[in-house]
Amino acid sequence: MNKRVLLSLVCSLLLACSFAQDVWTIKADSINPNNYFGETVANGMVGIVSSPIPFTVKDVVLNGAFDLYGRGRVSNILKTFNFVNMHLDIDGQRIENFNQVQHMQQVLDMKHASFTTTFDYGDKASISYTYYSLRQLPYTALVDVTITAKKDIEIIPASVMEAPDMLRDVENYFNQIDRPHVTISLLTSTAKSPTGKLFMAASNSFLFDEPHGSEPVVIHEMWDNNLHLLKFKKNLKAGEAYHFAIVGSTLTSAHNDDPLNEAERLTLFATLQGAKRLLQFHNEAWDSLWKSDIVIEGDNKTQQEVHSMIYHLYSFARSGTAYSLSPMGLSGLGYNGHAFWDTELWMYPSLLLLQPDIAKSLLEYRYQRLGAAVNNAFSHGYKGAMFPWESAASGNEETPVWALSGPFEHHITADIAIAAWNYYCVTQDKNWLRERGYPLLKATADFWASRVERNGAGHYDIKNVVAADEWAENIDNNAFTNAAARANLKYATDAAKILGIVPDADWMNVYNNIPILKFPDGVIKEHATYAGEKIKQADVNLLAYPLHEVTGNAAIKRDLDYYQPRVGEGPAMTHAIFSILYSRLGMPDSAYHAFKIGFEPNMRPPFGVIAETATGNNPYFSTGAGGMIQAMLNGFGGLEITPNGITQLKTKLPSNWQSLTLTGIGVDKKTYVVK
């Protein structure tokens, strides 16, 4: 038994107690705070990361907000104010650590994106609180709290506003707005980002069930410059349940020119809707998203795991924006929150089929930074547009200098172009192609025409690159880079013809002369000096899917058999490609095996969040989730993106599945079934 299979079995056994067979919820009944990897509730803008400490979250991460601090002399995604933490005093004793409570359980409801913690506080009270990052309100979150007294008690709940250490020039405010029918107390803070580049703000307020005039009196307390709070006192009788909520909003000058006033306005807007209506609209928004789903009959465990992957992809992005997806989404500060090829090659394809409007937002992010990519190409002596390996707010290169992928991992440019072409193929939106897609395709094709070294027929070489297999640095004629460049050139040509534009004839000239190297036995050679060594992640096998450079079952299997045993302890998504290829070769049980070993060894307690590698501890790795959902859609489900739209290949299911149903696919929200 190999190491990854053994790890998979051990991981499955360790997590079995945490995973009920409810396909929509993940429960942690036995929590070890020393071995705890939190879950995230997010709405594509605000990410709230759980903690085992009562009334405390680990992080509040804000999409689209970057500044220079921390690692690598490059910008980092920002934590914002923690505006959802609480204090709770019961009979004068504060609940502030894990060891004070009993029977703690935490539950992620993936259907409606809520995270609930329940526990007992001795013989005095049972407590339940739930976090929501409200889907319908991008900058707003809600905490819903119920305290049930076991005996007569006095409670003092407090809403805490705390600034992360990296923020500076913190200012705190308390405002009370009185109207004949309502009194609203606003707890507000502002600060500057680490370099002063951004102005940041957050505000929150209590929501009470009592009619105006009988709600508790709210008191403001200033603790220090980085923390202030609102609190109230309430006496409860034995058996009485008391409910309240906290709603708050956060944003920066990257999102709005006036963050302070806008944060308070958004909090007022939410407060006057009330908790019931806020949760109604939130649930309806998630119900709409889940119309696009993957339904497995006969395997509840895999169904739950697949729902978790889709849930995280949906949580980390949203339509109507121009924000991309980081490898760790909004689950923390991993990879500085930057966008890599992880977006366009791994996460985007799944979202393109399930949620085309979200996919459109991811491409809008790239389109709005096309000018920066043109400048980047110019700086390196090339024409067209050269997209950065790591991208943040500006679209300039954000890779730390010590990482050679910044100046040399050029396939990212083709990955973005391929994503643009596939958006057109799925949507058939010619207006978008003319206004957004073709400018991307043209500029990137021009880059490759200038990037190749023209050394004679069949030798338009692409030299000195970092491969998709990132252990191969500064090598020539990398298989994936060359094949992706060829795809870019062809798709630009095809797009021009669709739009009635005469394409640059040199594009297809270059296409026809970029080499794909082979060993004598016909196996694709990863690069010019490749000699069979271990690889970090999929490279050559990507030529069969998604590039279709390699076709025919014999050729696909030849490359698969050669490279599959050479993959080292690299990131999770490689095995998704193996799974897709096995599915398309008519080997569903091998596909299922590859699918499972691609993520189960990477799952971390107590919720099974996915880390990047089997030995790493940096969840949530949404790149891996994106790859695995492609394995479901494009592998087992047989979906294929063609110039004329989505088609379905004939595939077979693993022996333990009865059926697979893909709902809400593409712009027409079609259903595809495999039995």
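The values are calculated or read from the model by the stated rules, or taken from the named source; none is laboratory data. Bear in mind that the values here come from a model prediction, so they are computed numbers and not experimental data. Cβ atoms come from the backbone with ideal geometry, glycine included; neighbour counts cover every protein chain shown.
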Find the residue count for segment 222-233, including only residues that are loosely packed, with under 15 Cβ neighbours inside 10 Å and touching a residue at least 40 places away in the same chain (Cβ under 8 Å). 3
Positions within segment 229-260 being within 16 Å of residue 134 (Cα to Cα) and either of a type outside the set (A, V, I, L, M, F, W, C) or outside any strand (DSSP E or B) (or both), in sequence order: 248, 249, 250
Is it fair to say residue 166 is in the same structural domain as residue 257 (by TED's automatic domain parsing) and in a strand (DSSP E or B)? no
Would you say residue 127 is buried (at least 21 other Cβ atoms within 10 Å of the Cβ), aliphatic (A, V, I, L, M), assigned to a strand (DSSP E or B) and in contact with a helix residue (DSSP H, G or I) (Cβ under 7 Å, 6 or more places away or on another chain)? no
Which of the residues belonging to segment 627-675 are more than 24 Å from residue 594 (Cα to Cα), in contact (Cβ under 8 Å) with a residue 40 or more places away in the chain and of a type in the set (Lys, Arg)? 669
Scanning segment 281-307 for residues that are surrounded by fewer than 22 Cβ atoms within 10 Å (Cβ to Cβ) and of a type in the set (Asp, Glu), which turns out farthest from residue 610 (Cα to Cα)? 284
Matching option when the condition is at pLDDT 95 or above, touching an Asp or Glu at 6+ places or on another chain (Cβ under 8 Å), over 25 Å from residue 351 (Cβ atoms) and among the hydrophobic types (A, V, I, L, M, F, W, C), among 251, 229: 229
Return a yes/no flag: does segment 65-76 have any residue that is out of contact with any Leu (no Cβ under 8 Å at 6 or more places or on another chain), among the aromatic types (Phe, Trp, Tyr) and either closer than 18 Å to residue 313 by Cβ or modelled with pLDDT under 95 (or both). yes
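Considering only segment 508-522, I want to know if a residue exists there that is part of a helix (DSSP H, G or I), closer than 30 Å to residue 621 by Cβ and among the hydroxyl-bearing types (Ser, Thr, Tyr).
So the first thing to find is which residues in segment 508-522 are part of a helix (DSSP H, G or I), and the list is 508-513.
Filter once more, keeping what is closer than 30 Å to residue 621 by Cβ: none.
No, segment 508-522 has no match at all.
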Test set (1) buried (at least 20 other Cβ atoms within 10 Å of the Cβ); (2) in contact with a Ser or Thr (Cβ under 6 Å, 6 or more places away or on another chain) - residue 189 fails condition number: (2)
Can you find a residue that is without any contact (Cβ under 8 Å) to a residue 24 or more places away in the chain and more than 19 Å from residue 544 (Cα to Cα) anywhere in segment 461-483? yes
In segment 588-632, how many residues are part of a loop (DSSP other than H, G, I, E, B) and over 11 Å from residue 327 (Cα atoms)? 11
Of all residues in segment 433-457 being assigned to a helix (DSSP H, G or I) and among the aliphatic types (A, V, I, L, M), which is nearest to residue 475 (Cα to Cα)? 449
Quick check on residue 555: is it loosely packed, with under 13 Cβ neighbours inside 10 Å and either free of Cβ contacts under 8 Å to residues at least 24 places away in the same chain or more than 25 Å from the chain's Cα centre (by Cα) (or both)? no
Out of all the residues in segment 495-513, is one or more in contact with a His (Cβ under 9 Å, 6 or more places away or on another chain) and buried (at least 16 other Cβ atoms within 10 Å of the Cβ)? yes
State yes or no: is residue 263 over 30 Å from residue 152 (Cβ atoms), assigned to a helix (DSSP H, G or I), assigned by TED's automatic domain parsing to the domain that holds residue 192 and touching a helix residue (DSSP H, G or I) at 6+ places or on another chain (Cβ under 9 Å)? no
Against the definition (part of a helix (DSSP H, G or I) and over 23 Å from the mean Cα position of the chain (by Cα)), how does residue 283 come out, yes or no? no
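Of all residues in segment 349-374, which are basic (Lys, Arg), part of a helix (DSSP H, G or I) and either under 24 Å from residue 410 (Cβ atoms) or free of Cβ contacts under 8 Å to residues at least 40 places away in the same chain (or both)?
366
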Counting only residues that are of a type in the set (Val, Ile, Thr) and surrounded by 22 or more Cβ atoms within 10 Å (Cβ to Cβ), which one in segment 33-56 is nearest to residue 100 (Cα to Cα)? 49
Test each condition in (1) under 30 Å from residue 337 (Cα atoms); (2) surrounded by fewer than 24 Cβ atoms within 10 Å (Cβ to Cβ) for residue 625 and report the one that comes out false. (2)
Note on segment 311-348: residues surrounded by 24 or more Cβ atoms within 10 Å (Cβ to Cβ), polar (S, T, N, Q) and in a helix (DSSP H, G or I) are 315, 343
Has segment 539-558 got any residue that is within 23 Å of residue 638 (Cβ to Cβ), among the acidic types (Asp, Glu) and touching a strand residue (DSSP E or B) at 6+ places or on another chain (Cβ under 9 Å)? yes
Taking the conditions exactly as written (assigned by TED's automatic domain parsing to the domain that holds residue 431, in a helix (DSSP H, G or I) and not hydroxyl-bearing (Ser, Thr, Tyr)), does residue 463 satisfy them or not? no
Checking 275, 322, 270 in turn, the sole residue that is over 17 Å from residue 622 (Cβ atoms), touching a His at 6+ places or on another chain (Cβ under 9 Å) and in contact (Cβ under 8 Å) with a residue 24 or more places away in the chain turns out to be 275
Residues of segment 466-496 being in contact with a Phe, Trp or Tyr (Cβ under 6 Å, 6 or more places away or on another chain) and in a loop (DSSP other than H, G, I, E, B), which ones? 466, 468
Scan segment 183-228 for residues that are in a strand (DSSP E or B) and out of contact with any strand residue (DSSP E or B) (no Cβ under 9 Å at 6 or more places or on another chain) and report the count. 1
How many residues does segment 378-432 hold that are out of contact with any Leu (no Cβ under 8 Å at 6 or more places or on another chain), crowded, with 23+ Cβ neighbours inside 10 Å, of a type in the set (A, V, I, L, M, F, W, C) and in a loop (DSSP other than H, G, I, E, B)? 4
